[in-house]
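Only the coordinates and a few stated rules stand behind these numbers; no lab work does. Not measured: the values here are computed from a predicted model. Heads up, the Cβs are rebuilt from the backbone with ideal geometry, glycines too, and the neighbour counts pull from every protein chain shown.
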Amino acid sequence: MKDVSMKRYTSMKVGGPARFLIYPLDEQDLVILLERLRDEGITARFLGNGTNIIVSDRGLNEALIRITRMRHTRYRKADKGIYAEVSGGASLTGFIRENGRRGFSGLEKLFWIPGTIGGAVKMNAGSFGAAISDPLEEVRIIDNKGHVASITKKNGGFSYRRSSIKATECVLSTAFLLKEKEKKEVLGDMEYVYSERKRRHPMEYPSSGSIFKAVGGEPAWRFIEKAGLKGIRVGNAAISEKHANFIINLGSASAADIKMLIEKIKKEVYETCGVSLEEEVEFWGFDA
Ligand SMILES: Cc1cc2nc3c(=O)[nH]c(=O)nc-3n(C[C@H](O)[C@H](O)[C@H](O)COP(=O)(O)OP(=O)(O)OC[C@H]3O[C@@H](n4cnc5c(N)ncnc54)[C@H](O)[C@@H]3O)c2cc1C
């Protein structure tokens, strides 16, 4: 697809057109695609569900590759539990739901994070004190030159919302070590996580989840509240009344509104609390 509006492919529902959006059907297809883009001098980026990115209103003169059609999930019994392998383009919540149906435990605390497996591993997504890297065994990646490699929990550079996976690398698949448990218990934990998310997060509006990272273990919303910023707006972008670390799109916000609001939060939190907030979301297509 050509000149695709990123409003349709990001959870914040802002952003101008991307030059190309391409869905490879399998690994071989992806290798050929990467080679072709290289030959034509076109930069490739990997897009998951677009739930942690804000794309500029100008858009992206790049090719976005989405591997959401390259899907597989395999389970096998191993010595220490259940070895589950899942493709990078699969839905994280869909995978956790399937684990729950089978009574396999390990990722319940991440239930309802709206990203793909690949996006979640790259960002080392987490919630309720757990991270996707906790039960991780192996990640298969391919770089933009077509080289396939394998990384593990130990050498993958996983820390709070960080991994060593580069923008030029694509997560093809990930293996987790899960534990067998009472199905009722696993499903109950998932239900709890879902209800807490619904209670705490403004799920009824487009957003990118938490905008800022925690600072030394302190959640960013505390500083934003302390600076008296809850509810303030720039254009149609607002700080949620329900959760101060969420910026919500009230309808027709632009990426520029969101960026301006983020800059305002950083400035005022620094002036009030002496704390420098660091973004958890990524900005695509903005000038450095
Ligand atoms: C309502 C809401 C709630 C959220 N709650 C949480 C939460 O509790 N905890 C949390 O950590 N996050 C949360 N998020 C943020 C977001 O969902 C996660 O960071 C998620 O893991 C991003 O996945 P994605 O597929 O949407 O990635 P994208 O936003 O598409 O991309 C994010 C990054 O991952 C890269 N990427 C995507 N796919 C691949 C791939 N296959 N291989 C390599 N790189 C790839 C992209 O290039 C980009 O660098 C929330 C977001 C929303 C909207």
Per the range 1-138, sqrt(5λ) over the Cα gyration tensor eigenvalues, sorted largest first, in Å, gives 30, 18, 11
log10 of Debye I(q)/I(0), alpha-carbon scatterers only, for the chain at 0.06, 0.10, 0.16 Å⁻¹:
-0.20, -0.55, -1.33
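So what is the relative contact order for the chain, in percent, with contacts set as C-alpha pairs under 8 Å and at least six apart?
Across the chain, relative contact order equals 19 percent.
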Determine the equivalent ellipsoid of the range 2-65 by diagonalising the alpha-carbon gyration tensor, then write out the semi-axes as square roots of 5 times the eigenvalues, largest first, rounded to whole Å.
22, 13, 8
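Once the convex hull of the C-alpha atoms of the range 73-200 is built, how many Å³ does it hold per residue, rounded to a whole number?
Output value, Cα hull per residue: 100 Å³.
So which of Lys166/Lys198; Lys109/Lys184; Lys198/Lys230; Lys145/Lys166; Lys183/Lys213 end up more than 22 Å apart by C-alpha? Show your work: numbers first, answer last.
Details: Lys166/Lys198 32 Å; Lys109/Lys184 15 Å; Lys198/Lys230 19 Å; Lys145/Lys166 13 Å; Lys183/Lys213 33 Å.
Flagged as over cut-off: Lys166/Lys198; Lys183/Lys213.
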20 Å Cα-Cα reach of Lys7 towards lysines, excluding residues that sit fewer than 8 places from it in its own chain
Lys259
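Filter the chymotrypsin sites (Phe, Trp or Tyr not before Pro) in the range 110-160 down to the DSSP loop ones having no more than 12 other Cβ atoms within 10 Å, then list what survives. Let's see the in-between values first.
Details: sites: Phe111, Trp112, Phe128, Phe158, Tyr160; in loops: Phe111, Trp112, Phe128, Phe158, Tyr160.
Qualifying residues, ordered by number: Tyr160.
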Rg to Rh quotient for the range 220-284, alpha carbon positions, Kirkwood Rh
0.94
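Would you mind finding the longest exposed-site-free stretch of the chain, with exposed GluC sites (Glu not before Pro) meaning DSSP loop and at most 10 other Cβ atoms within 10 Å?
Working: sites that count: Glu182, Glu204.
Excluding the exposed sites themselves, the longest stretch runs over 1-181.
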